[in-house]
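What follows is a single structure, written as structure tokens, with notes after it.
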Amino acid sequence: MTVMIRPTVARIDLDALKSNYRHITAYLVAESEGPAKAGHHRNAPGVIAVIKANAYGHGADQVARALEDAGADLLACADIEEGHGLREAGVRAEILVFGALSVSDLDGLFDCRLTPTISTPGAARAVQAAAAKRKTRLRYHLKIDTGMNRLGFRWDNLARTLPELLASPNLELQAVYTHFATADDPESPLFALQRTRFERAVAEVANLRPSHQPPSPLATSVPLSGDGGAYYHAASSAALLRDSRVWYDRVRPGLLLYGLVPPPLGSTIDVRPALSLSSRIVAVKGVRAGEGVGYGVKFTAEGPRTLAIVPAGYADGLDLRLAGRGSVLIRGRRAPIVGSVCMDMLMADVTGLDVSPGDEVMIIGAQGGDRIDVREMAAQIGTIPYEILCRIGSRIERIYEAGEAGRAG
């Protein structure tokens, strides 16, 4: 049977992903080997490669295998269901589950060899009971809430809430972590406050741990309690770029892996976007002066205009607010999106351009000497790059390319 591919496709450059991973790790090593700064981490941290939410829209299965090839030994996903999918795809690396476990089928933790995050006393009891039933011992990461007020044991209430978990006979503490609420906001004082709270919490966890608990065989360079028994991590992409004091044992790049720097931050790490989104013109038509375009007639032509109809719309993840704000690239020139973004198509003003049905339309990516990137698109509609990537729809074919080879996935 012939495989039909819609003209709107996302291309994922697996070589770019691998290169981004390697440049991030090289940066961490180079910075760690440079002149030590007072109070800063001195040893190069490892990497937890974040591939939750279908690898930020890039396709988790293919991305995970590419990152394994690049040397990643620890991946992170959102929930047990995502972890199960990765194992089904043949992923062998350790997989950390970030999300809450209170309403999950815990069998997947054991069947799929997943490392859970325990962030509530209730989850601790449930995971302990499940491990005891299987007569096994399970390593876990402990999440501390230092100011995000989402998941995690409160940093200032550990003496009351944590002893039961730390004494669980079938659970072994592998790592302790937190998450910064304002890592991408250089003006916020909460970032520094969370770092201080986390380091105090780490010390308290060390004091609360039973002395008989055996060390983890996967401990890394910064022991939690002096016995090599656990490590800790806190830095997302933004925090990684902002302050090496929060690198600790491992860092957790997400957006950086996919070649994007979290706005408004800058970076000297040599990363390049791994994803491009393109389509093709399916029709070209003229509009007379005074005629409106699209639902709600939000655009009225002041003079004769030429429109290109592109089969990509909000069902594909394109935001309605792009109309009147965003552009696409056609023949290397910017063509403004006009009228309205429809469910399955959009209209671009190509007046003055010699275009025809079948011409390539670059929605995200480079064409000619210009580029429309995700940061630019996010700024145009008042959102963040993460949302743009994660909203790319499931009916968009992902085509994976490595060097000269590419295939649909």
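The values are calculated or read from the model by the stated rules, or taken from the named source; none is laboratory data. If you're wondering where the values come from, they're calculated on a predicted model, not measured in any experiment. Heads up, the Cβs are rebuilt from the backbone with ideal geometry, glycines too, and the neighbour counts pull from every protein chain shown. Areas reflect the complete protein model, heavy atoms only, side chains present, ligands, DNA and RNA absent. Shrake-Rupley method; radii C 1.70, N 1.55, O 1.52, S 1.80 Å.
General observations
- The number of residues in region 162-186 being open to solvent by less than 30 Å² (accessible area, probe 1.4 Å), closer than 18 Å to Phe198 by Cα and in a helix (DSSP H, G or I) comes to 1.
- Failed item, numbered, when Thr300 is tested on (1) within 29 Å of Ile5 (Cα to Cα); (2) surrounded by fewer than 20 Cβ atoms within 10 Å (Cβ to Cβ); (3) in contact with a strand residue (DSSP E or B) (Cβ under 6 Å, 6 or more places away or on another chain): (1)
- Counting only strands (runs of 3 or more DSSP E) that sit wholly inside region 323-365, those with at least 2 residues that are over 19 Å from Pro304 (Cα atoms) and free of Cβ contacts under 8 Å to residues at least 60 places away in the same chain are 327-330.
- Residues of region 192-205 include none that is touching a residue at least 12 places away in the same chain (Cβ under 8 Å) and in a strand (DSSP E or B).
- Only one of the listed residues (Ile381, Ile364, Ile337) is among the β-branched types (Val, Ile, Thr), at pLDDT 95 or above and over 23 Å from Arg280 (Cβ atoms). That residue is Ile381.
- Answer residue from region 277-310, given it is touching a Ser or Thr at 6+ places or on another chain (Cβ under 7 Å) and among the hydroxyl-bearing types (Ser, Thr, Tyr) and is modelled with the lowest pLDDT among those: Tyr295
- Residue check, Glu387 touching a strand residue (DSSP E or B) at 6+ places or on another chain (Cβ under 8 Å) and surrounded by 14 or more Cβ atoms within 10 Å (Cβ to Cβ): no
- Residue selected from region 85-128 under the condition among the basic types (Lys, Arg) and in a loop (DSSP other than H, G, I, E, B), by the criterion farthest from Arg65 (Cα to Cα): Arg113
Results for (1) open to solvent by less than 40 Å² (accessible area, probe 1.4 Å); (2) more than 39 Å from the chain's Cα centre (by Cα), shown as yes or no for each residue.
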site: Gly266; (1), (2): no, no
site: Ala274; (1), (2): yes, no
site: Gly286; (1), (2): no, yes
site: Leu307; (1), (2): yes, no
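- Selection within region 90-110 - open to solvent by 50 Å² or more (accessible area, probe 1.4 Å), among the charged types (D, E, K, R) and under 25 Å from the mean Cα position of the chain (by Cα): Arg92, Asp105
- Some residue of region 145-155 being under 18 Å from Leu101 (Cβ atoms) and part of a helix (DSSP H, G or I): no
- Some residue of region 31-47 being assigned to a helix (DSSP H, G or I), modelled with pLDDT of 95 or more and closer than 27 Å to Ile388 by Cα: no
- Put simply, of Glu81, Glu33 the only residue that is among the charged types (D, E, K, R) and over 21 Å from Arg113 (Cα atoms) is Glu33.
- Annotation note: Cβ proximity below 8 Å between a residue of region 56-79 that is touching a residue at least 40 places away in the same chain (Cβ under 8 Å) and open to solvent by 10 Å² or more (accessible area, probe 1.4 Å) and a residue that is in a loop (DSSP other than H, G, I, E, B) and not small (Gly, Ala, Ser) (sequence gap 6+ or interchain) occurs for Asp61/Val91.
- For region 258-275, the count of residues that are out of contact with any strand residue (DSSP E or B) (no Cβ under 6 Å at 6 or more places or on another chain) and among the charged types (D, E, K, R) is at least one.
- Condition broken by Val282, with the remaining ones in (1) open to solvent by less than 70 Å² (accessible area, probe 1.4 Å); (2) under 25 Å from Ile5 (Cα atoms) satisfied: (1)
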